[in-house]
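K.L.:
Submitted below is the structure of interest, expressed as structure tokens.
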Amino acid sequence: MAEIKSVGIIGIGSYVPETILTNEKLETMVDTTDEWIVSRTGIKERRIAKEDEACSDLAVRAALKALEDANTKPEEIDLIIVSTITPDFAFPSTAALVQDRIGAINAAAFDLEAACTGFVYGLVTGANFIATGMYKKVLVIGSEALSKIIDWEDRNTCVLFGDGASAAILGEVEKGYGIISYDLKAKGSGGEFLDQPGGGSRNPATVKTIENKMHFLKMKGQDVFKFAVTAIPETINNILEKTDINIKDIELVVPHQANYRIIGSAAKKIDLPVEKFYMNLETYGNTSSASIGLALDEAIKKNKIKKDDYIIMVGFGAGLTYGSCLIKWSKEV
Ligand code: ACO
């Protein structure tokens, strides 16, 4: 068998729609307050896609930036993975739409659905194709137009989410760098805590499903909260156990951006100062699949990550799914 190759992120990019929806504006839409949203979640504003802007439109913009950052031509890409819970269509896949739009004429393309853990699932899946030597470059995108499946009359959910996309190019890196360890998990028994019950083959779209608002995202917030605060420490411990790297060696954790209280609690449990967790949910809210990549891109641009740093990315979300990966950063920034 061929030697397993080291795989890392060789380029990254992100895109958010222009329109900003502030907490103050939300106060005029539902019975909520800026004070409630900030104290319960940390979110102050989020971005909202235009009426004619779909998941693939955001994905393409992020992908083009990542290609440029990686100094890679679209035709060099062997595989495109789009992680999303808000695809343009059930089919064709959003990945295939992106493949066509960016001119990745040699790429395979498929969508991956692991909600807010999707960026981590996507990186790990893509990396394995390169590790075996079968592919050289893989484009992983997390893209969400969540505003299209939000019930804008439901204050329990509409204050939490936003739209955006992030993309990473994976390629072979120096030995000892790149993805060192990963852990992907699912707990399907909690599927009902976060779902979109209508529109699939279980409850095909009818006038009744629409009237009952079953095409909107539904969430049992406290159940998801309880799950997240144990899932994050569990998966981080799992990836560290597979290595000789200690939590104290970690320079930065880039978590899924859902709620600063979840991160605060997880930080305590793994005995890492909360300052080591990069957070930008204040400005983007929860962008599901896009959020970890959006935060990673911003952290890099703010010089929070340098070559040789150990970085953890950790996600949790619908499925339920959770998981993390440990990267030794290989790119000079
Ligand atoms: N404004 C004002 N009041 C509100 C709002 C709002 N926007 N939303 C809910 N409330 C009210 C509730 O009705 C409730 O009132 P009641 O006591 O009279 O019934 C009260 O506030 C408290 O509600 P709780 O649900 O107990 O609030 P909690 O402190 O649990 O915070 C939250 C809710 C923010 C949703 C929290 O549970 C959470 O963050 N959960 C995790 C959610 C998450 O991370 N989801 C994403 C996973 S990612 C993915 O895969 C998409």
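K.L.:
Run Lys302 past the list (1) at pLDDT below 95; (2) over 17 Å from Ile232 (Cα atoms) and report the number of the one that doesn't hold.
P.N.:
That leaves (1) as the condition not met.
K.L.:
Could you please give the count of residues in region 172-224 that are within 22 Å of Phe129 (Cα to Cα) and touching an Asp or Glu at 6+ places or on another chain (Cβ under 9 Å)? Reasoning before the result, please.
P.N.:
Of region 172-224, the ones within 22 Å of Phe129 (Cα to Cα) are 172-186.
With touching an Asp or Glu at 6+ places or on another chain (Cβ under 9 Å) added as a condition, the list becomes 177-178, 181, 183, 185.
Summing the residues that are within 22 Å of Phe129 (Cα to Cα) and touching an Asp or Glu at 6+ places or on another chain (Cβ under 9 Å) in region 172-224 gives 5.
K.L.:
I've got another one for you. Return the residues of region 212-255 that are in a loop (DSSP other than H, G, I, E, B) and closer than 18 Å to Thr287 by Cβ; say none if nothing qualifies. Even if it seems obvious, please write down each step before you answer.
P.N.:
If we filter region 212-255 for residues that are in a loop (DSSP other than H, G, I, E, B), which is where we start, we get 212-217, 220, 242-246.
Correct list: Phe216, Leu217.
K.L.:
Now, a different point. Could you grab me the full set of residues in region 215-250 that are under 20 Å from the mean Cα position of the chain (by Cα), more than 13 Å from the ligand (Cβ to nearest atom) and charged (D, E, K, R)?
P.N.:
The answer is Glu234, and nothing else.
K.L.:
Follow-up. Please specify each residue of region 102-120 satisfying the condition of being within 24 Å of Lys185 (Cα to Cα) and crowded, with 19+ Cβ neighbours inside 10 Å.
P.N.:
Start the filter on region 102-120 by keeping residues that are within 24 Å of Lys185 (Cα to Cα), which leaves 109-120.
Within region 102-120, Ala109, Asp111, Leu112, Ala114, Ala115, Cys116, Thr117, Gly118, Phe119, Val120 qualify.
K.L.:
Would you mention how many residues in region 77-101 are surrounded by fewer than 24 Cβ atoms within 10 Å (Cβ to Cβ) and over 17 Å from Gly317 (Cβ atoms)?
P.N.:
The qualifying residues number 11.
K.L.:
Any idea how many residues of region 256-309 are more than 16 Å from the ligand (Cβ to nearest atom) and either among the hydroxyl-bearing types (Ser, Thr, Tyr) or part of a loop (DSSP other than H, G, I, E, B) (or both)?
P.N.:
The number of residues fulfilling the criteria is 13.
K.L.:
More than 16 Å from the ligand (Cβ to nearest atom) and either part of a strand (DSSP E or B) or surrounded by fewer than 18 Cβ atoms within 10 Å (Cβ to Cβ) (or both) - does that describe any residue in region 22-44? Give the steps one after another, and end with the answer.
P.N.:
Initial filter on region 22-44 (more than 16 Å from the ligand (Cβ to nearest atom)): none.
No: region 22-44 contains no residue that is more than 16 Å from the ligand (Cβ to nearest atom) and either part of a strand (DSSP E or B) or surrounded by fewer than 18 Cβ atoms within 10 Å (Cβ to Cβ) (or both).
K.L.:
Do we find that Leu294 is closer than 25 Å to Asp111 by Cα and in contact (Cβ under 8 Å) with a residue 12 or more places away in the chain in this structure? First the steps, then the outcome.
P.N.:
On the way: closer than 25 Å to Asp111 by Cα: yes; in contact (Cβ under 8 Å) with a residue 12 or more places away in the chain: yes.
Criteria met by Leu294.
K.L.:
For Asp78, state whether it is free of Cβ contacts under 8 Å to residues at least 12 places away in the same chain and among the acidic types (Asp, Glu). Even if it seems obvious, please write down each step before you answer.
P.N.:
Numbers: free of Cβ contacts under 8 Å to residues at least 12 places away in the same chain: no; among the acidic types (Asp, Glu): yes.
It is false that Asp78 is free of Cβ contacts under 8 Å to residues at least 12 places away in the same chain and among the acidic types (Asp, Glu).
K.L.:
Of everything in region 15-46 that's in contact with a strand residue (DSSP E or B) (Cβ under 6 Å, 6 or more places away or on another chain) and not aliphatic (A, V, I, L, M), which residue is nearest to Ala62 (Cα to Cα)? Before the answer, list the steps.
P.N.:
Initial filter on region 15-46 (in contact with a strand residue (DSSP E or B) (Cβ under 6 Å, 6 or more places away or on another chain)): 15-17, 19-22, 45-46.
If we keep only those that are not aliphatic (A, V, I, L, M) too, we end up with 15, 17, 19, 22, 45-46.
On the way: Tyr15: 5, Pro17: 11, Thr19: 17, Thr22: 23, Glu45: 20, Arg46: 17 Å.
Out of the qualifying residues, it is Tyr15.
K.L.:
Please go through region 55-71 and give me each residue that is part of a loop (DSSP other than H, G, I, E, B) and buried (at least 19 other Cβ atoms within 10 Å of the Cβ), ordered by number.
P.N.:
Residues of region 55-71 part of a loop (DSSP other than H, G, I, E, B): 70-71.
Ala70 - this is the single residue of region 55-71 that is part of a loop (DSSP other than H, G, I, E, B) and buried (at least 19 other Cβ atoms within 10 Å of the Cβ).
K.L.:
Hey, could you check region 189-211 for residues that are part of a helix (DSSP H, G or I) and under 19 Å from the mean Cα position of the chain (by Cα) and say which is farthest from Val124 (Cα to Cα)?
P.N.:
If we filter region 189-211 for residues that are part of a helix (DSSP H, G or I), which is where we start, we get 189-193, 207-211.
So of that shortlist, the ones also under 19 Å from the mean Cα position of the chain (by Cα) come out as 191, 193.
Numbers: Gly191: 22, Phe193: 25 Å.
In this case the residue turns out to be Phe193.
K.L.:
Same structure again: Kindly indicate whether any position in region 155-175 is more than 28 Å from Ile37 (Cβ to Cβ), surrounded by fewer than 17 Cβ atoms within 10 Å (Cβ to Cβ) and not aromatic (Phe, Trp, Tyr).
P.N.:
Going residue by residue through region 155-175, those that are more than 28 Å from Ile37 (Cβ to Cβ) are 167-175.
If we keep only those that are surrounded by fewer than 17 Cβ atoms within 10 Å (Cβ to Cβ) as well, we get 174-175.
So of that shortlist, the ones also not aromatic (Phe, Trp, Tyr) come out as 174-175.
Checking region 155-175: at least one residue is more than 28 Å from Ile37 (Cβ to Cβ), surrounded by fewer than 17 Cβ atoms within 10 Å (Cβ to Cβ) and not aromatic (Phe, Trp, Tyr).
The values are calculated or read from the model by the stated rules, or taken from the named source; none is laboratory data. Everything quoted here is computed from the prediction, not taken from an experiment. In this analysis, Cβ positions are derived from the backbone assuming ideal geometry, glycine residues included, and neighbour counts consider all displayed protein chains.
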